[in-house]
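The values are calculated or read from the model by the stated rules, or taken from the named source; none is laboratory data. Everything quoted here is computed from the prediction, not taken from an experiment. Counting neighbours? That spans all protein chains shown, and the Cβs are built from the backbone with ideal geometry, glycine included.
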Amino acid sequence: MKKVTVLGAGSWGTALAFVLAENGHDCLLWARRSEQVEEINERHTNHVYLPNTTLPENLKATANLEEAVTHGDVIVIAVPTKAIRPICQKINAAISEEKLFVHVSKGIEPDSHKRISEMIREEIASSNRKDIVVLSGPSHAEEVVERHPTTVTAASQNVEAAKEIQDLFMNHYFRVYTHTDVIGVEIGAALKNVIALAAGITDGLGYGDNAKAALITRGLAEISRLGVKMGANPLTFAGLTGLGDLIVTCTSVHSRNWKAGNMLGKGKSLEEVTAGMGMVIEGVRTTKAAYQLAEKYDVTMPLTEALYSVLFDAVPPKKAVDQLMSRMKKQEVDDLFGNMHFN
Ligand SMILES: NC(=O)C1=CN([C@@H]2O[C@H](COP(=O)(O)OP(=O)(O)OC[C@H]3O[C@@H](n4cnc5c(N)ncnc54)[C@H](OP(=O)(O)O)[C@@H]3O)[C@@H](O)[C@H]2O)C=CC1
Ligand SMILES: O=C(CO)COP(=O)(O)O
């Protein structure tokens, strides 16, 4: 049994705490609102984020961040990307011994273009961190708490740290693989949200499965192009955190990114969509970051550019699709001196 802290009692933090508690670990879940802490401790529910779920009785919650981070030898950070730096600054001020950090967030910081593990490394002193592991993959919280079979990847440059996290989470419905390509895993996780927004838009416009298959495959091509330039292993994008997460987020009714895109495709404004969701839509900020990264690394990312124009330049969704379909003619795959790659 390990002492583990999960920071963030939204959908994903609560689902992961559910898995850890079911695995018999001494898991403390931090929520910033005391009424939510009371609900978890007394009624064993989290009705806003996971209605209809009864949480394990051995799962305890606290609203005291210092108590939370002192508790765990492993600290799982499960807050939206924009909250990563502020929460890490608070963690760093509250601890004075090495902890193993796990993050599960799927985004990139606009302007700095930092991945989540890079932000954690910048904000938590090296004397306070044993290592950083990213846990990612096709995994909707709503299905995990139903104990439906789910597969994810624990990635770290330190294989032993990745294995420790694999052992911590793995059970009969939650299968964890290990990986060492942190860049590839984090880029795949963040950028699939951009493509899921686009998939929601085409569904909202009334287009069908052909359009969605096009978005998934061409989306994967542009995510891989960028990721490889940033130092990722191309094979990572064919795995759980690449193709796997693209499929689940572009096709599932649980996806907040897909839902947001769907409403945009039906004519709602971005402001209306974000105000009505009540949960994080990571793809919006990440579209900005991905658009900037495409320029920085000189990578062609037509889907990202089209989505950026819809979100931030008020281009009507249908016009963006028409423009994508009338781009210049191309070969699908290039063979440069025997190195095949997608155009
Ligand atoms: N939901 C899922 O199935 C999955 C989500 N993820 C990723 O996990 C991350 C978290 O997502 P998810 O749990 O779904 O998000 P939710 O919107 O469901 O919950 C967000 C949680 O973070 C808290 N929070 C928001 N802003 C801050 C802040 N500034 N400081 C501290 N806490 C804050 C919220 O608290 P409050 O309730 O008080 O607002 C809430 O507990 C995202 O990056 C997402 O992409 C990854 C895999 C699956
Ligand atoms: O990352 C997820 C599933 O793997 C959750 O996606 P959404 O944030 O779009 O709900």
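Keeping to the range 147-169, report how many residues are in contact (Cβ under 8 Å) with a residue 60 or more places away in the chain and either in a loop (DSSP other than H, G, I, E, B) or within 13 Å of ligand 1 (Cβ to nearest atom) (or both).
Qualifying residue count, the range 147-169: 4.
Here's a check for you: in the range 270-293, which residue that is of a type in the set (Gly, Ala, Ser) and modelled with pLDDT under 95 is nearest to Ser105 (Cα to Cα)?
Among residues in the range 270-293 that are of a type in the set (Gly, Ala, Ser) and modelled with pLDDT under 95, the one nearest to Ser105 (Cα to Cα) is Gly278.
How many of the residues in the range 121-137 are surrounded by 23 or more Cβ atoms within 10 Å (Cβ to Cβ) and either among the charged types (D, E, K, R) or within 13 Å of ligand 1 (Cβ to nearest atom) (or both)?
Residues that pass the stated criteria total 4.
Residue-by-condition table, conditions (1) outside any loop (DSSP other than H, G, I, E, B); (2) under 24 Å from Arg285 (Cα atoms):
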position	(1), (2)
Val4	yes, no
Ala21	yes, no
Arg32	no, yes
Asn52	no, no
Lys90	yes, yes
Lys106	no, yes
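So, in the range 75-86, exactly how many residues are under 26 Å from Glu22 (Cα atoms), away from ligand 2 (no atom under 16 Å from the Cβ) and surrounded by fewer than 22 Cβ atoms within 10 Å (Cβ to Cβ)?
Summing the residues that are under 26 Å from Glu22 (Cα atoms), away from ligand 2 (no atom under 16 Å from the Cβ) and surrounded by fewer than 22 Cβ atoms within 10 Å (Cβ to Cβ) in the range 75-86 gives 0.
Taking Gly231 as the residue in question, decide whether it is within 13 Å of Ile187 (Cβ to Cβ), in the same structural domain as Gly219 (by TED's automatic domain parsing) and either surrounded by fewer than 16 Cβ atoms within 10 Å (Cβ to Cβ) or touching a residue at least 24 places away in the same chain (Cβ under 8 Å) (or both).
Yes, satisfied.
If you scan the range 2-43, which residues turn out to be small (Gly, Ala, Ser) and farther than 17 Å from His71 by Cα?
Passing the criteria: Gly10, Ser11, Ala15, Ser34.
Residues being in contact (Cβ under 8 Å) with a residue 40 or more places away in the chain and near ligand 2 (Cβ under 9 Å from one of its atoms): count how many of those fall in the range 251-280.
Final tally of qualifying residues: 9.
Would you point out which residue out of Arg147, Arg85, Arg115 is in contact with a helix residue (DSSP H, G or I) (Cβ under 8 Å, 6 or more places away or on another chain), modelled with pLDDT of 95 or more, of a type outside the set (Gly, Ala, Ser) and under 30 Å from Glu38 (Cβ atoms)?
After ruling out the rest, the residue left standing is Arg85.
In the set Ala155, Ala214, which member is touching a helix residue (DSSP H, G or I) at 6+ places or on another chain (Cβ under 9 Å), more than 25 Å from Pro51 (Cβ to Cβ) and crowded, with 21+ Cβ neighbours inside 10 Å?
Of the residues listed, the single one that is touching a helix residue (DSSP H, G or I) at 6+ places or on another chain (Cβ under 9 Å), more than 25 Å from Pro51 (Cβ to Cβ) and crowded, with 21+ Cβ neighbours inside 10 Å is Ala155.
Go through the residues of the range 67-75 one by one and say whether even a single one is within 20 Å of Val185 (Cβ to Cβ), in a strand (DSSP E or B) and more than 9 Å from ligand 1 (Cβ to nearest atom).
For the range 67-75, residues within 20 Å of Val185 (Cβ to Cβ), in a strand (DSSP E or B) and more than 9 Å from ligand 1 (Cβ to nearest atom): present.
Which numbered condition trips up Tyr291, out of (1) within 15 Å of ligand 2 (Cβ to nearest atom); (2) surrounded by 15 or more Cβ atoms within 10 Å (Cβ to Cβ); (3) more than 18 Å from Gly206 (Cβ to Cβ)?
For Tyr291, the failing item is (1).
Kindly check whether there is at least one residue in the range 228-241 that is near ligand 2 (Cβ under 10 Å from one of its atoms) and within 19 Å of the chain's Cα centre (by Cα).
yes
Hey, among the residues in the range 34-74 that are surrounded by 17 or more Cβ atoms within 10 Å (Cβ to Cβ), touching a strand residue (DSSP E or B) at 6+ places or on another chain (Cβ under 9 Å) and among the β-branched types (Val, Ile, Thr), which one's farthest from Val145 (Cα to Cα)?
My answer is Val69.
Within the range 176-211, work out how many residues are within 13 Å of ligand 1 (Cβ to nearest atom) and of a type in the set (Gly, Ala, Ser).
4
Among the residues of the range 255-294, count how many are in contact with a His (Cβ under 8 Å, 6 or more places away or on another chain), within 15 Å of ligand 1 (Cβ to nearest atom) and part of a helix (DSSP H, G or I).
1
For the range 245-254, give me the residue count where each residue is part of a helix (DSSP H, G or I) and either within 12 Å of ligand 1 (Cβ to nearest atom) or buried (at least 21 other Cβ atoms within 10 Å of the Cβ) (or both).
5
Quick one: in the range 99-142, of everything that is among the charged types (D, E, K, R) and under 16 Å from the mean Cα position of the chain (by Cα), which residue is nearest to ligand 2 (Cβ to nearest atom)?
It comes out as Lys106.
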